[in-house]
Amino acid sequence: MIENELKYVLNQSVPERYLEHHCGFPAMICQGYLPGKGRLRSKTTESGSIFYFTYKLSVEETVFEIEKKISINEFETMWEHTSRRLMKLRYLYMDAEVQWDIDIFLQNEVRYFVMAEAEMPEQMIAPPRIPTFLEDIMLYPVPRSRSREFTSGKLSNPEYAAQMLTTIQYP
């Protein structure tokens, strides 16, 4: 699948109950990066856990993403080989063809970065609209030219995330 997303940095102190009101309860995401371009992710909701292996490859301006469900045994075996591990709460909001993922990055259960991603069909350039509840808490729409600065892999480092906040709040 071809990845087509835009990112938006949100107010860092948005209450979780505000997001729950609009999106429902979040999933807990645990993610780690394997040597090369592979990634492991567990997604836990009230109905249980699902485990994924993802491979991403950038070719010119296009990012190809292949994601496969894996067993808990496969996940646990490969997890010990991951680096740049992160945890985040993920809220999901569907708006027509656009899936909004709102992530609260956590370290030791304390938030350090909040961002939304609009995942769009391949041909879409931008979402037709930004949901009002997100517009109200948006700090910075990340231009496509800067999107690689705001990947989860890079934001897995809280110091890096704090530096990114200073570049957008105090340019």
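The values are calculated or read from the model by the stated rules, or taken from the named source; none is laboratory data. Bear in mind that the values here come from a model prediction, so they are computed numbers and not experimental data. In this analysis, Cβ positions are derived from the backbone assuming ideal geometry, glycine residues included, and neighbour counts consider all displayed protein chains. Heads up: the accessible areas ignore ligands, DNA and RNA and are worked out on the full protein's heavy atoms, side chains in. Shrake-Rupley method; radii C 1.70, N 1.55, O 1.52, S 1.80 Å.
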Original post:
With a sphere of radius 13 Å drawn around the Cβ of residue 130, what net charge do the other residues whose Cβ falls strictly inside it have (Lys, Arg +1; Asp, Glu -1)?
Top reply: -2
Subject >> Euclidean distance between Cα centres, the stretch 79-101 to the stretch 124-171, Å >> reply: 14 Å
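So what is the accessible area of the stretch 1-42 per residue, in Å², with the probe set to 1.4 Å? Spell out each step's value before the answer.
Details: 1910 Å² over 42 residues.
For the stretch 1-42, the per-residue accessible area is 45 Å².
If you roll a 1.4 Å probe over the stretch 1-69 with all protein chains in place, what percent of the accessible area is carbon or sulfur?
Of the solvent-accessible surface of the stretch 1-69, carbon and sulfur hold 56 percent.
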**OP:** Give me the orientation-averaged projected area of the Cα convex hull of the stretch 70-171, in nm², one decimal.
**Re:** 8.5 nm²
Original post:
In the neighborhood of residue 30, defined by Cβ-to-Cβ distances under 10 Å, what is the net charge if each Lys or Arg adds +1 and each Asp or Glu adds -1?
Top reply: +4
Original post:
Say a paramagnetic label sat at a point 7 Å from the Cα of residue 138, along Cα to Cβ; which residues of the stretch 76-91 have their backbone N under 12 Å from it?
Top reply: none
Original post:
Quick one: putting +1 on the C-beta of Lys and Arg, -1 on the C-beta of Asp and Glu, what dipole do you get for the chain around its Cα centre, in Debye to the nearest 20?
Top reply: 420 debye
Original post:
Pick from 135, 60, 97: which residue has the top mean-square fluctuation in a GNM of the chain where Cα pairs under 10 Å get a spring?
Top reply: 60
Original post:
Is it possible to state the helix-based mean residue ellipticity at 222 nm for the chain, with each DSSP H run of 4+ residues giving -39500 (n - 2.57), the sum divided by total residues, to the nearest 500 deg cm²/dmol? What is it?
Top reply: -5500 deg cm²/dmol
Original post:
Taking springs between alpha-carbon atoms closer than 10 angstrom, which of 140, 93, 18 fluctuates most in the Gaussian network model of the chain?
Top reply: 18
Original post:
Tally Lys/Arg at +1 and Asp/Glu at -1 over every other residue whose Cβ is under 10 Å from the Cβ of residue 104; what's the total?
Top reply: +1
